[in-house]
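The values are calculated or read from the model by the stated rules, or taken from the named source; none is laboratory data. All figures in this text were calculated on a predicted structure; none of them were measured in a lab. With ideal geometry, Cβ positions are generated from the backbone for all residues, glycine too; neighbour counts draw on all protein chains shown. In case anyone asks, the SASA skips ligands and DNA or RNA and just uses the protein heavy atoms, side chains included. Shrake-Rupley method; radii C 1.70, N 1.55, O 1.52, S 1.80 Å.
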Amino acid sequence: MQQFVNTLINGASLGSIYSLMALAMILVWRSTRVVNFAQAGQAVLSTYVGLEIHRITHSYPLTLIIAIIFGALFGALVDLLLVRPLMHRVGDGPIAAVAPVIVTLGLLSAIQGFVGLIWGGEYRSFPAALSQNGFKVGLTRIPFSPFDLFILFTTLLVMLAFAYIFQRSGLGLAMRAAAFEPEVARLAGVRVARVRTIGWAFAGGAGALAGALITPTTLLAPNSLDLLLVFGFTAAVLGGLESLVGGVVGGFLLGIGLALVVTYLGSSFTFITAFVVLIAVLLLRPRGLIGQRSVRNA
Amino acid sequence: MLSIVGLTTDHGHVRALENVSFEVPAGSLTAVIGANGAGKTTLLRTLTGLTKPTSGSAHWHSHDLLSLSTEEGVRHGVAHVPEGRSVVSELTVAENLQLGALWRGKDPDVQIAREEVLSLFPRLRERLSQRADTLSGGERQMLAIARALIARPDLLLLDEPSLGLAPLVVEQIFQTLDRLRKQTGLTVVLVEQNAISALEIADNAVLLSLGKIVISGSASLIAQDTELRHAYLGY
Ligand SMILES: Nc1ncnc2c1ncn2[C@@H]1O[C@H](COP(=O)(O)OP(=O)(O)OP(=O)(O)O)[C@@H](O)[C@H]1O
Ligand SMILES: [Mg+2]
């Protein structure tokens, strides 16, 4: 029983990071209809930047904040310099569906190559905010640490902030309108291109945070976040790819599910499980677990 | 005044508008009529930057409409309600209205405009917290028009507001339009298949066929021209 509870809370803390990555994927998908494979590369890059900041300042808060800001700015630049001109050029021909895939995959390997050139390929450790040694309950140490608590707390804070922005602010309204009906949004005066870039920036920041939170556990290498991309994408699909709330729920479900698999089946099953889940959702519930149809289509 | 000179728009190989020129005096209502595929929608979309013209010019007062992006046009007082009850289904009625005035920021007049728009379409007030896709077709069209009006445009471009609506609802929308422009001096370009109703409230009319102007002039004169009516309007 104790082991089951431990697995649940441990899974929740991992799941919250998957949720963040899912949010990043969903924000970009909703605003631009692009599945951003480069998100893993962007997050790796911002985490290396964080590592440099930490080497110089030895300050964890600065490390985290600068990594997030860098991730956001880089995300905005990817849209401004690459995706926006590209989408503009290809218009809406058959190439339009393929071009973003090629570009984001290309960008992913370009970033990973660049990172490898600068920092080398060996695994590096990355600082955690708090101790990663589990709390003591009585005489036993449970696999849930102060840093896990920090992860849960930080990601929940970010999700609340996103929820506020999207549901309560004018910017959020503009982002939702631009995502669902770009033409209507433009006719209402929304500067859709700019709003999209802001979406890419939010996504870049969320991805950077996810990278910085998971790396103390996974260690840092040019491709160390590839798995996070897979899990984030799976979580996003679980949530239906359109809904931010869906992505968060998907992330937690996946995190807890994978933690249960690791505990009771072994860690070699994680990757295959994520894929089985992904395929199963696509086959059985293509709109995601909580996806719904629009009410009326007259 | 809206002044359009020699406007030509191509969709690939299809010439949808050819050398179209006409003027709409400020404060007047001009009906643009013509059969399916005549180029009416293309005309409005070109005016608000949704479709790029091949040649020609269009000015609203001193603003060069063809060089403004869609979203900048809105800031110069041009509102376009496109074909097909264009609201954002996923947003509530209140949010759709708010969207229309978002660019006006914290301007205190937004609240006043919102009240005015809601009293024009009281039906919407009862449904403020409902998602737009739960509205009936007529209610959605009202919402689309309301969303445009809340920006307090001085030029309103309407694309077939009557399409698929019950005659009573059409009547109501047209009367609202007529009242509105008389009260506020709004300039209206009304694209319609429903030529009889449109010509009734219009000052002037432009008849398009295959992208070209067949005739333009006083709405009442065109409405009386039996030959034109038989040839182009089918009544
Ligand atoms: N995006 C497009 N690509 C290719 N051809 C187009 C496009 N949009 C319009 N057309 C063509 O341009 C012509 C004019 O179309 P438009 O939509 O302006 O007509 P309309 O007068 O609004 O017709 P309706 O009354 O049916 O709405 C038509 O022949 C149409 O097929
Ligand atoms: Mg049309």
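Observations
- Cβ pairs under 6 Å, 6+ apart, first in the stretch A:113-127 and of a type outside the set (A, V, I, L, M), second assigned to a helix (DSSP H, G or I) and open to solvent by 40 Å² or more (accessible area, probe 1.4 Å): A:127/A:54
- Residues that are surrounded by 21 or more Cβ atoms within 10 Å (Cβ to Cβ), within 9 Å of another protein chain (Cβ to nearest Cβ) and part of a helix (DSSP H, G or I) within the stretch B:72-94 comprise B:73, B:74, listed in sequence order.
- If you go through the stretch B:200-224 and keep only what is open to solvent by less than 10 Å² (accessible area, probe 1.4 Å), within 16 Å of ligand 1 (Cβ to nearest atom) and not in a loop (DSSP other than H, G, I, E, B), you end up with B:205, B:206, B:207, B:208.
- Residue within the stretch B:89-109 that is closer than 30 Å to residue B:220 by Cβ and either away from ligand 1 (no atom under 16 Å from the Cβ) or modelled with pLDDT under 95 (or both) present: no
- Condition met for residue A:162 (part of a helix (DSSP H, G or I), away from chain B (no Cβ under 14 Å) and buried (at least 21 other Cβ atoms within 10 Å of the Cβ)): no
- Scanning the stretch B:118-137 for residues being touching an Asp or Glu at 6+ places or on another chain (Cβ under 8 Å), open to solvent by 60 Å² or more (accessible area, probe 1.4 Å) and more than 10 Å from chain A (Cβ to nearest Cβ) gives a total of 1.
- Summed over the stretch B:30-47, the residues that are within 14 Å of chain A (Cβ to nearest Cβ), more than 6 Å from ligand 1 (Cβ to nearest atom) and touching a residue at least 60 places away in the same chain (Cβ under 8 Å) give a count of 2.
- Conditions (1) more than 14 Å from chain B (Cβ to nearest Cβ); (2) exposed (fewer than 13 other Cβ atoms within 10 Å of the Cβ); (3) without any contact (Cβ under 8 Å) to a residue 40 or more places away in the chain: number failed by residue A:88: (1)
- Some residue of the stretch B:145-160 being more than 13 Å from every other protein chain (Cβ to nearest Cβ), open to solvent by less than 40 Å² (accessible area, probe 1.4 Å), touching a residue at least 60 places away in the same chain (Cβ under 8 Å) and touching an Asp or Glu at 6+ places or on another chain (Cβ under 8 Å): yes
- Condition check for residue B:195: more than 24 Å from residue B:217 (Cβ to Cβ) and of a type in the set (A, V, I, L, M): no
- Of all residues in the stretch B:95-117 being at the interface with chain A (Cβ under 10 Å from one of its Cβ atoms) and of a type in the set (Lys, Arg), the one that is farthest from residue B:156 (Cα to Cα): B:106
- Test result for residue B:69, open to solvent by 40 Å² or more (accessible area, probe 1.4 Å), small (Gly, Ala, Ser) and within 14 Å of another protein chain (Cβ to nearest Cβ): yes
- Residue that is farthest from residue B:189 (Cα to Cα), among those in the stretch B:48-78 that are in contact (Cβ under 8 Å) with a residue 40 or more places away in the chain and within 16 Å of ligand 1 (Cβ to nearest atom): B:54
- Identity of the residue in the stretch B:177-195, at negative phi and out of contact with any helix residue (DSSP H, G or I) (no Cβ under 8 Å at 6 or more places or on another chain), that ends up surrounded by the fewest Cβ atoms within 10 Å (Cβ to Cβ): B:183
- Condition broken by residue A:266, with the remaining ones in (1) on the phi < 0 side of the Ramachandran plot; (2) surrounded by fewer than 18 Cβ atoms within 10 Å (Cβ to Cβ) satisfied: (1)
- Odd one out for residue B:4 among (1) more than 16 Å from ligand 2 (Cβ to nearest atom); (2) at pLDDT below 95: (2)
- Residue B:37 under 29 Å from residue B:220 (Cα atoms) and open to solvent by less than 60 Å² (accessible area, probe 1.4 Å): no
- When residue A:82 is tested against the conditions (1) surrounded by fewer than 24 Cβ atoms within 10 Å (Cβ to Cβ); (2) within 21 Å of residue A:216 (Cβ to Cβ); (3) not β-branched (Val, Ile, Thr), the lone failure is (2).
- Residue B:27 vs. criteria under 24 Å from residue B:181 (Cβ atoms) and either more than 8 Å from ligand 1 (Cβ to nearest atom) or open to solvent by 20 Å² or more (accessible area, probe 1.4 Å) (or both): yes
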